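Contents: one structure, followed by commentary.
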Amino acid sequence: MNKYTNGMSAWKEDKNHLIKEFKLNSFKQITEKLIEIAKIADKMDHHPDFEVFNYNKIKFKIQTHTHKTVTELDYKLAAEIDKILSL
């Protein structure tokens, strides 16, 4: 845990990425939430990698590609993703 993880749950640092899986109710709900995440990611100019699987699960991998490691910006994006997917 570090100074950026305050209030964040289940995000794990692994191989220079922040990683977390979410389970939603449907594929439609995932796509709707991804549109919200995309708007924030565009504003931040910071875009997560993600994988949708089993129709209702999504896994995010976040890294600052220019640094090839996790930075404060990654934790800020992760917190925004948590906000959107916890609604």
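Restricting Glu21, Glu36 to residues that are touching a residue at least 12 places away in the same chain (Cβ under 8 Å), part of a helix (DSSP H, G or I) and at negative phi narrows the list to Glu36.
Out of all the residues in the range 55-72, is one or more of a type outside the set (S, T, N, Q), over 9 Å from the mean Cα position of the chain (by Cα), exposed (fewer than 15 other Cβ atoms within 10 Å of the Cβ) and part of a strand (DSSP E or B)?
Yes, there is a match, as at least one residue in the range 55-72 is of a type outside the set (S, T, N, Q), over 9 Å from the mean Cα position of the chain (by Cα), exposed (fewer than 15 other Cβ atoms within 10 Å of the Cβ) and part of a strand (DSSP E or B).
Of all the residues that make up the range 23-40, how many are touching a strand residue (DSSP E or B) at 6+ places or on another chain (Cβ under 9 Å), more than 18 Å from Ala10 (Cβ to Cβ) and surrounded by 15 or more Cβ atoms within 10 Å (Cβ to Cβ)? Let's see the steps before the verdict.
Just the residues of the range 23-40 that are touching a strand residue (DSSP E or B) at 6+ places or on another chain (Cβ under 9 Å), to begin with: 23-24, 27, 30-31, 33-34, 37.
Filter again for more than 18 Å from Ala10 (Cβ to Cβ), leaving 27, 31, 34.
Now narrow it down to the ones that are surrounded by 15 or more Cβ atoms within 10 Å (Cβ to Cβ): 34.
Number of matching residues: 1.
When only residues in the range 73-87 that are hydrophobic (A, V, I, L, M, F, W, C) and surrounded by 15 or more Cβ atoms within 10 Å (Cβ to Cβ) count, which is farthest from Glu21 (Cα to Cα)? Filtering the range 73-87 for residues that are hydrophobic (A, V, I, L, M, F, W, C) and surrounded by 15 or more Cβ atoms within 10 Å (Cβ to Cβ), the one farthest from Glu21 (Cα to Cα) comes out as Leu73.
The single residue among Lys43, Lys20 that is of a type in the set (D, E, K, R) and surrounded by 14 or more Cβ atoms within 10 Å (Cβ to Cβ) turns out to be Lys20. When the range 34-68 is filtered for residues that are modelled with pLDDT of 95 or more and among the β-branched types (Val, Ile, Thr), the ones remaining, listed by number, are Ile35, Ile37, Ile40, Val52, Ile58, Ile62, Thr64.
The values are calculated or read from the model by the stated rules, or taken from the named source; none is laboratory data. This structure is a prediction, so every number in the text was calculated from the model and none was measured. Cβ atoms come from the backbone with ideal geometry, glycine included; neighbour counts cover every protein chain shown.
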